[in-house]
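Below: one structure, written as structure tokens.
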Amino acid sequence: MKYIIMLLVSLLVFANIAAAQSLSGTVVDSAGGQGIPGAAVYFPELKLGTTTDSAGNFKMTSMPNGTYEMEVKILGYATLTQQVTKKDNSTCTCNCKMGASCCSGNEVVITALGNVTNTQRSPMPVTLVTHDMMLQETSSTVIDAIAKQPGVNETMEGPGTTKPQINGLGFDRVLVLMDGEREEDFQWGDDHGILIDPYAVYDAEIIRGPASLQYGASAEAGVISFKSEPFAENGTVQGSVLTEYQTNNGLIGNSEDIGGNNNGFVWNLRVSTEEAHAYWNPKDGYVWGTAWQQQNARLTIGLNKSWGYTRLTVSALHRRIEVPDGNRDSTGRFMFDAPQNGQLYPTRADFLSYNADIASDKILNEYQTWWQNSFNAGKGRIGLDIGFTRSEHHDIDTGTIGQGNMVVNDIPYSLKYQVTGENSGLKFTTGVNGTYEFENNYPEPPAPYIANFEIPNYTDFEIGGYAILQKDFKNLTLSGGLRYDMTNFIGQSMYLINSGTPEQKQVPIGTEGAIEQFQGFNNTYSGPSGSIGASYQLPGNNYIKLNFSKSFRAPAINELTSNGLNIGTKTFQIGNINLKAEQGYEVDFAYGNNGKDISFEADAFYNYINNFIFADRTDSSLSGFPVYPTKSNIAIITGVSGYFNIHPADAKWLEINNGFTYIYSFLPNQTDSTDHVPWTPAPHLTTEVKFKFKDRHNSILRGTFIKVERAQYWAQNNIYSALYTELPSKDYSLYNAGIGTNFVNPKTGSVICSFYINCTNLMNLAYVDHLNLAQYFLSYNGQVATVTNQNQGIYNMGRNVGFKLLFPIGGHKMQNAEKGMDVN
């Protein structure tokens, strides 16, 4: 802590003595030439922004030199993206002309291709989940908040255990980032969620496909890049207080943040808490073992000056989640795994308890430090990032002592050089990045608890080098690059005596009566990946994209070495240290339109993966649990996703948004019951109709809207059905609704608070999502049983009404960019 305080003081001093140049400009209407007040001017690479004054003027101070993509937004105009160069020892100016439109359009994104571009020019499909979209939804985790997007799905074992899928692939094939830092928190496991505070996420970028050369092998399916809120404007202190409640599982969430910007010295502090009791559905009633809690604190300090920027983020997150196992009696009533205070069954008080430590549960702790730096170097910039993450994992089956206990430490690093031509349209990025990971199992717990060692102690060193080149012409963008990765796993052997008994303990090799739990190994995997693609802007706001990519992924540690019970999934998993690296080959094509009345994009992909790794259930069991050895096969995954949005220019009070996803998978040379990739998502179509009320002069309500939504999920019969590994799912329709508004001081324009109400599963339907793995959890009087029909498993949540209040701090005003109104 004292070192953080010393750094804070040093940055404050430097902020006050360093010279500050500025970038100023004017935003005007392209037709009439008058200035546009209230336009949001933002630089995504820097997380810095401001708004235009009454004459359309803006000024950015304490901004690093360099060439950046600038984004200008305001309702009633097409979003403007413009390349801006700020030079040293001067006050730079730029002027922007915006054309009227009710469609926002070309949002700036920081793409996984390594260069900043907009969604239309990116050769790969990119989805932006905006801050408003995050606020206006009811969700429990960050993955819940993005799972409705085209091509995106989520696997789950309960409300706090969601993991993302992109184009039918998940877990280690999807790279998740928070402000650029890799989230390596047991990403291979399916029995807990991504360890990110949902309140700390401001918006998100989703890159669908393996053209993520900047991030490497873990991005085989794509990248989800979560970002925290932008820094406050210079000379201000701003923040917010958010509170929410959800009726179904009693979720109570609170989050407070405060941040400031003093002559380039920026800081932000956020503290959040969440807790929920067991959820309810019409089929199961309250589902035993689904309570959870989470606390998080996150601090960022940094400095923006003409030479570049430096930022340090530290965070601590604690999550405790119950994991349902479906233990019931012969009548289907939920039971305790073991008697609790003489009781065999949970009482209503147990179901409504916020203490997530009664059923089988997990304790997850994550501590992160992330230091990001960018320094100007000639006409380019050097980026140097390094971090440290400690993730602790405790599996508690009964009682209070963990039986599966491990800690994983990660040191991610990145060094890159970027240069952008002022007038040439060329953008070049090259660098090296990776991570060093080391994991250790804790010692055995005391008797009568029996330790469960699922993976060995190991180290994992990953390094990769890449180069990416992009060229922008008037209507054409060409982008391509190459990468080479190397991964080295070193696993330690482990020997046990009295295995499976309270007297079990680790012993040296050669001990009489010892059995080998893990074989020592030293495996190195290396391989190239690459991408080449183009986008072309056609007349009439049409565009097309085409991209070819080659991916590489080394096996994950669980795929190589698992030899134990996964307490969360109640399966016995066995790895294979002889697995080869996956090699994928994908082609992506997209056609879209960004017109004034409609906007749409249809994306098609074909992905051929050699040595595709997955767990295959056998007809044997160990200790009563089904055995899943790891194997590999060729896999073919193809699909179509897209959106079709209607936003009439002459009826700005109406929006109709549609999103569609269809994924098909195939395993060649297999039997009829084993010829599909397990857990391929069901096809689905989501339609949202949103009505926006016109703001009245001097009204205290601004930006008011009402929305209704229908989500249609079709049956999924293309499954891996052997030995009931996967069950076909039924079709169903969910209906959702919501309302939101801002309470505003009519004299000053300051927002007093924002209020949102959302109802999910409005009709209280009893249903099972195809990727809800809890449908396979079933025990009778403590004995694991195989689910052969969906009615035996656990269903998804019933009707849930969420209430959310957001109180801004710092005199936040309603700008036209935020209003749901006609500004003309």
*Once amide H atoms are built 1.01 Å from N in the peptide plane, which residues 5 or more positions from ALA39, or in another chain, come under 5 Å H to H?*
THR52
*asked:* For a quick check of your reading of the filter: which trypsin sites (Lys or Arg not before Pro) in segment 241-303 sit in a DSSP loop and have no more than 14 other Cβ atoms within 10 Å?
replied: none
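Going by average Cβ density within 10 Å per residue, which order do the peptides 694-703, 460-469 take, highest to lowest?
On the way: 694-703: 13.6, 460-469: 19.8.
Per-residue mean Cβ counts within 10 Å order the peptides as 460-469, 694-703.
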_Per-residue HN-Hα couplings for segment 755-767 [Karplus 6.51, -1.76, 1.60; θ = phi - 60°; Hz; x = Gly/Pro]_ = 9, 9, 10, 10, 10, 9, 6, 4, 8, 6, 6, 8, 8
*Mind ranking 363-369, 219-225, 334-340 by how tightly packed they are, going by the mean number of other C-beta atoms within 10 angstrom, highest first?*
219-225, 363-369, 334-340
*Could you tell me how many degrees, from 0 to 90 and to the nearest 10, lie between the Cα long axis of helix 2-17 and the main elongation axis, the longest principal axis, of the Cα atoms of the chain?*
10
*Between their Cα atoms, which of LYS362/LYS570; LYS652/LYS747; LYS474/LYS545 are more than 20 Å away from each other?*
LYS652/LYS747
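Using a Förster radius of 56 Å, what is the FRET efficiency between MET763 and ILE509 based on their Cβ-Cβ separation? Nearest 0.05, please. Write down the numbers at each step before the final one.
On the way: r = 61 Å, r/R0 = 1.09.
Rounded to the nearest 0.05, the efficiency is 0.40.
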*Normalising by the residue count of segment 501-594, find the relative contact order in percent from Cα pairs under 8 Å and 6+ residues apart.*
28
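Tell me the volume per residue, in Å³, of the convex hull enclosing the alpha carbons of segment 468-627.
Working: hull volume 27.5 nm³, N = 160.
Looking at segment 468-627, the number lands at 172 Å³ per residue.
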_Please report the carbon-and-sulfur percent of the accessible area for segment 668-793; probe 1.4 Å, protein heavy atoms only, DNA, RNA and ligands left out._
56
_Solvent-accessible surface (1.4 angstrom probe) belonging to THR788, in square angstrom, nearest 10_ = 70
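Compute the Rg to Rh ratio over segment 447-518 from the alpha carbon atoms, using the Kirkwood formula for Rh, and round to two decimal places. It would help to have the intermediate numbers written out before the result.
On the way: Rg = 24.2 Å, Rh = 16.6 Å.
Result: Rg/Rh = 1.45.
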*Hey, what did the chain get for relative contact order, percent, Cα under 8 Å, at least 6 apart?*
11
_Take ASN542 and ASN475, extend 7 Å from each Cα along the Cα→Cβ direction, and tell me the distance between the two endpoints in nm._
1.1
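Rounded to the nearest 500, what is the 222 nm mean residue ellipticity of the chain from helices alone, with -39500 (n - 2.57) per DSSP H run of 4+ residues and division by all residues? Don't skip to the end; give the middle numbers.
Numbers: 5 runs with 35 residues, N = 824.
Mean residue ellipticity at 222 nm (helix-derived): -1000 deg cm²/dmol.
According to the Kirkwood expression over distinct Cα-Cα pairs, how big is the hydrodynamic radius of the chain, in Å?
27.8
Rounded to the nearest whole Å², what accessible area per residue is found for segment 745-795 with the 1.4 Å probe? Before the final figure, lay out each step's value.
Details: 2090 Å² over 51 residues.
Result: 41 Å² per residue.
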*Which aspartates and glutamates have a Cα less than 15 Å from the Cα of LYS283, not counting those fewer than 8 places away in the same chain?*
ASP769
*Using label points projected 7 Å from each Cα along Cα→Cβ, tell me how many nm separate ASN376 and ASN658, to one decimal.*
5.0
*Be a star and scan segment 582-624 for residues whose amide nitrogen sits under 12 Å from the point 7 Å along the Cα-to-Cβ vector of ILE574.*
616-623
*Remind me, relative contact order of segment 546-629 in percent, using alpha carbon pairs under 8 angstrom and six or more residues apart?*
31
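Just to confirm a number: summing +1 for Lys and Arg and -1 for Asp and Glu over residues other than PHE43 whose beta-carbon lies under 11 angstrom from that of PHE43, what do you get? Write down the numbers at each step before the final one.
On the way: positive: LYS47, LYS86; negative: GLU45, GLU69, GLU71.
Net charge in that neighbourhood comes out at -1.
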*Efficiency of FRET between ILE636 and GLN295 - r from beta-carbon atoms, R0 45 angstrom, step 0.05*: 0.55
*In sequence order, what are the phi-derived ³J(HN,Hα) couplings for segment 586-596 according to the Karplus relation 6.51 cos²θ - 1.76 cosθ + 1.60 with θ = phi - 60°, rounded to whole Hz, with x for glycine and proline?*
10, 10, 10, 9, 9, 10, x, 9, 10, x, 6
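Quick one: if the Förster radius is 41 Å, what FRET efficiency do SER54 and ILE411 give, using the C-beta to C-beta distance and rounding to 0.05? Don't skip to the end; give the middle numbers.
Details: r = 50 Å, r/R0 = 1.21.
Between SER54 and ILE411 the formula returns 0.25.
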*With all protein chains present, how much of the accessible area of segment 480-559 (probe radius 1.4 Å) comes from carbon and sulfur, to the nearest whole percent?*
57
*asked:* Just to confirm a number: summing +1 for Lys and Arg and -1 for Asp and Glu over residues other than ARG208 whose beta-carbon lies under 9 angstrom from that of ARG208, what do you get?
replied: -2
*Could you state how much accessible area LYS631 has, in square angstrom rounded to the nearest 10, with a 1.4 Å probe and all protein chains kept in place?*
60
*Mind checking which of PRO746, SER272, TYR215 is farthest towards the positive end of the chain's charge dipole, using Cβ charges of +1 (Lys, Arg) and -1 (Asp, Glu) about the Cα centre?*
PRO746
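Taking the Cβ of TYR776 as the center, what net charge do the other residues with Cβ under 13 Å away carry, scoring Lys and Arg +1 and Asp and Glu -1?
Details: positive: LYS570, ARG617; negative: GLU157, ASP190, ASP191, ASP325, GLU726, ASP769.
So the environment of TYR776 carries a net charge of -4.
Accessible area per residue, 1.4 Å probe, Å², for segment 609-729: what's the number?
On the way: 5470 Å² over 121 residues.
Accessible area per residue: 45 Å².
Rounded to the nearest 20 Debye, what is the dipole magnitude of the chain about its Cα centre when Lys and Arg each give +1 and Asp and Glu each give -1 at the C-beta? Mind dumping the intermediate values first?
Working: 56 positive and 78 negative charges, 556 e Å.
So the magnitude is around 2680 debye.
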*Can you run phi through the Karplus equation (6.51, -1.76, 1.60; θ = phi - 60°) for segment 538-547 and list ³J(HN,Hα) in whole Hz, with x for Gly and Pro?*
8, x, x, 6, 8, 7, 10, 9, 8, 9
*asked:* Could you work out what % of the accessible surface of segment 321-439 is carbon and sulfur, using a 1.4 angstrom probe and leaving DNA, RNA and ligands out of the count?
replied: 57
_Listed residues LEU723, GLY465, ILE358: farthest to the positive end of the dipole of the chain (Cβ charges)_ = GLY465
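The values are calculated or read from the model by the stated rules, or taken from the named source; none is laboratory data. Note that the coordinates shown come from a computational prediction; the quantities given were computed from them, not determined experimentally. Because the Cβ atoms are built from the backbone with ideal geometry, glycine has one as well, and the counts that use them run over all protein chains shown. We work out accessible area using only protein heavy atoms, side chains counted, and drop any ligands, DNA or RNA first. Shrake-Rupley method; radii C 1.70, N 1.55, O 1.52, S 1.80 Å.
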